[in-house]
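The next block holds one structure in the form of structure tokens; read it before the comments.
The values are calculated or read from the model by the stated rules, or taken from the named source; none is laboratory data. Just so it is clear, the model here is predicted, and its values are computed rather than measured. Because the Cβ atoms are built from the backbone with ideal geometry, glycine has one as well, and the counts that use them run over all protein chains shown. SASA here: full protein model, heavy atoms, side chains in, ligands and nucleic acids out. Shrake-Rupley method; radii C 1.70, N 1.55, O 1.52, S 1.80 Å.
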Amino acid sequence: MENATQSSSESARVAMDPQVVFSRREVGGETTFIAHHTALGKYFNLGAEEYHLVSLLDGNRSVTEILEQL
């Protein structure tokens, strides 16, 4: 049963909440990203690596495919 669950989660498509809006910032020569969840009014700071991961969460890729691209 564990393998079935693992297989199912690896093939699941993952998407970022569409209510999260991203903006890019340059601070001191470093690129950072601000994620704003418009419905909750919350903000999150992301580095380039975190933003790259989030950008892969488009609903078209499986967990396995995302991990392969990291």
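Once region 44-70 is narrowed to residues that are among the acidic types (Asp, Glu) and surrounded by 13 or more Cβ atoms within 10 Å (Cβ to Cβ), the residue that is farthest from the chain's Cα centre (by Cα) is Glu65.
Quick check on Gly41: is it of a type in the set (Gly, Ala, Ser) and open to solvent by 30 Å² or more (accessible area, probe 1.4 Å)? Considered against the rule, which asks whether it is of a type in the set (Gly, Ala, Ser) and open to solvent by 30 Å² or more (accessible area, probe 1.4 Å), Gly41 comes out as yes. One residue stands out in region 12-47 among those that are in a loop (DSSP other than H, G, I, E, B), free of Cβ contacts under 8 Å to residues at least 24 places away in the same chain and of a type in the set (A, V, I, L, M): the one that is farthest from Asn60 (Cα to Cα), namely Leu40. For region 21-37, a residue qualifies if it is in contact with a Leu (Cβ under 9 Å, 6 or more places away or on another chain) and either open to solvent by less than 60 Å² (accessible area, probe 1.4 Å) or farther than 21 Å from Ile66 by Cβ (or both), and the qualifying residues are Thr32, Phe33, Ile34, Ala35.
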